[in-house]
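Encoded as structure tokens, the structure appears first; notes follow it.
The values are calculated or read from the model by the stated rules, or taken from the named source; none is laboratory data. As the structure is a prediction and not an experimental result, all values here were calculated from the model. Note that we place each Cβ from the backbone using ideal geometry, even for glycine, and neighbour counts take in every protein chain shown.
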Amino acid sequence: MIGFLTAIGRWTRETIANTGYAARVLFAIVRSSGGLLRRFRLVTTQIHFIGNYSLLLIAVSGLFVGFVLGLQGYYTLNKYGSEQALGLLVALSLTRELGPVVTALLFAGRAGTSLTAEIGLMKAGEQLSAMEMMAVNPLQRVLAPRFWAGVIAMPILAAIFSAVGIFGGYIVGVQMIGVDEGAFWSQMQGGVDVWNDVLNGVLKSIVFGIAVTFIAVYQGYQSQPTPEGVARATTRTVVTASLSVLWLDFLLTALMFS
Amino acid sequence: MSNLVEIRDLHFRYGERPILSALDMEFPRGKVIAVMGGSGSGKTTVLRLIGGQLTPQAGSVTVKGERVDPSNVRALYAMRRKMGMLFQHGALFTDMSVFDNVAFPLREHTDLPEELIRDLVLMKLHTVGLRNAAELKPSEISGGMARRVALARTIALDPELIMYDEPFAGLDPISMGMTANLIRKLNDALGSTTILVSHDVQESFLIADYVYFLSKGAIVAQGTPAEMMASADPYVKQFVHAEPDGPVPFHYPGKSLAEDLGLGARP
């Protein structure tokens with residue numbers, strides 16, 4: 001019993017200490033980001049890199065999610081004779097929820113793991129130590145550009161996911177099933193609010209971008225400099241980032257749409 | 001002041017495990033000082049403490065009379081601009097070409113125009129004999145060449161203090177001789193001070209002005225290479241002449257074989 005309580009105590013203490021340290025690293029990244037405005041090329045290079053990693057996966061996934069939404073939405077709406085509202089259902093589902101959330105989950109699995117492995121291997125190869133010895137702060141030179149690139153890329157990728165998803169819903173609903181095209185687009189146009197729906201979705205994807213990218217770069221920075229350590233850090237990125245996205249989604253949905 | 005680096009009564013431990021104890025060392029300007037000893041003797045830890053990558057529990061390290069204090073990041077980074085460190089495996093940035101690796105400290109710390117950076121980088125690469133490899137990636141060059149590129153990067157800003165962590169490890173005899181020669185020549189050409197951590201006796205004695213021998217985190221012998229060669233100290237003798245047994249035991253300390261096999265416990 002004492003051993004059990006001790007283990008809980010140790011776990012609690014370590015969790016608080018780790019959270020505190022992570023917050024300090026995040027603060028240090030943000031604080032050291034001022035110089036990036038002068039050298040924004042470092043960020044744009046990473047946006048290009050991260051975008052390339054994820055774009056195809058995001059676009060194809062968006063298309064299939066749109067297909068499924070078109071089918072499932074039609075079956076359900078048809079029961080109530082409301083299949084004309086299919087465009088509205090697809091667009092709201094994507095802009096409010098599925099676009100930001102699924103993009104963030106895919107981003108964590110694709111770009112997040114790459115970021116963690118890249119930084120972890122740089123650490124294992126003493127590249128970060130070499131940088132420190134050259135009086136160059138790795139937080140500023142390596143972590144900060146990748147962090148901001150992820151934060152900027154996430155809303156763009158989520159927008160692409162939603163746009164392709166709506167197109168997928170259109171193909172299945174209008175082109176294949178035969179829902180009226182005019183109703184599909186006009187209901188969507190009339191029912192989707194730019195501020196309440198689209199902007200809240202963008203806001204969600206920015207928050208997810210901060211969470212997922214920070215977790216990815218932090219795990220790489222904190223990884224043990226061994227093959228096993230980098231592998232574990234990569235796994236931790238996927239698990240922690242995915243759970244964080246789902247938890248944050250609940251929190252943001254409750255705050256935005258209550 | 002004649003010493004560029006001074007270490008006074010330095011104590012360092014990882015957790016409860018002591019690594020260095022009551023260490024006193026001096027590194028005079030313009031000299032090549034070798035820090036030698038077996039694996040786990042604390043040689044690399046000395047370099048990391050001088051570079052401010054580790055914080056000692058007691059004692060001090062001073063560079064140019066200024067105390068190395070890892071808690072004062074701004075002062076530490078200003079101090080590191082006068083230092084260069086060559087890591088054991090080079091630690092080149094694998095996503096950059098050889099040219100960009102050497103240009104990295106110049107681009108980070110100066111506002112020099114790109115044309116001038118190009119000339120400086122090519123000169124540094126020429127010094128290490130790799131000017132024509134400028135466009136190659138680190139994955140396209142050998143380990144010895146990578147070490148020389150890292151050396152060119154280390155001296156890019158003409159540091160006053162150059163530290164080498166096992167620069168000869170894993171090199172073939174030609175590369176080893178070439179690297180040793182370069183270390184000495186660069187030290188004399190730049191007027192810098194060199195700290196050379198190595199366990200390679202032949203090459204280190206060839207270029208060093210003074211040698212410290214470390215064992216279990218303490219200095220067991222010191223002197224010129226000639227004095228060390230003639231030393232009767234059992235540790236130095238075992239190390240210099242590569243004797244398999246002596247003060248440094250072959251077996252890791254612990255229980256005896258008889259105890260492990262349970263032979264002592266039998267009636």
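For the reader, a short list of remarks on this structure follows.
- The listed residues are A:Thr95, A:Thr76, A:Thr103, and the only one of them that is modelled with pLDDT of 95 or more, away from chain B (no Cβ under 14 Å) and either in a helix (DSSP H, G or I) or out of contact with any Lys or Arg (no Cβ under 6 Å at 6 or more places or on another chain) (or both) turns out to be A:Thr103.
- Restricting segment B:86-112 to residues that are among the β-branched types (Val, Ile, Thr) and farther than 17 Å from B:Arg131 by Cβ, the residue that is farthest from the chain's Cα centre (by Cα): B:Thr110
- Checking segment A:128-142 against the condition returns no match, with no residue being away from every other protein chain (no Cβ under 14 Å) and either in contact with a helix residue (DSSP H, G or I) (Cβ under 7 Å, 6 or more places away or on another chain) or crowded, with 19+ Cβ neighbours inside 10 Å (or both).
- Residue within segment B:166-183 that is within 22 Å of the chain's Cα centre (by Cα), farther than 15 Å from A:Ala130 by Cα, assigned to a helix (DSSP H, G or I) and within 14 Å of another protein chain (Cβ to nearest Cβ) present: no
- Test: residue in segment B:18-34 that is in contact with a helix residue (DSSP H, G or I) (Cβ under 7 Å, 6 or more places away or on another chain), among the charged types (D, E, K, R) and over 24 Å from B:Lys237 (Cα atoms): no
- Check on A:Thr6, among the hydroxyl-bearing types (Ser, Thr, Tyr) and under 19 Å from the mean Cα position of the chain (by Cα): no
- Matching residues in segment B:113-129 - criterion: being in contact (Cβ under 8 Å) with a residue 24 or more places away in the chain and either within 8 Å of chain A (Cβ to nearest Cβ) or over 22 Å from the mean Cα position of the chain (by Cα) (or both): B:Leu120, B:Val121
- Listed conditions (1) over 24 Å from B:Arg13 (Cα atoms); (2) without any contact (Cβ under 8 Å) to a residue 40 or more places away in the chain; (3) of a type in the set (A, V, I, L, M, F, W, C) are all met by B:Ala221, apart from (1).
- Output for segment B:75-105, where each listed residue is more than 10 Å from chain A (Cβ to nearest Cβ) and part of a helix (DSSP H, G or I): B:Ala75, B:Val98, B:Phe99, B:Asp100, B:Val102, B:Ala103
- Residues of segment B:107-133 satisfying the condition of being part of a loop (DSSP other than H, G, I, E, B), more than 24 Å from A:Asn137 (Cβ to Cβ) and at pLDDT 90 or above: B:Pro113
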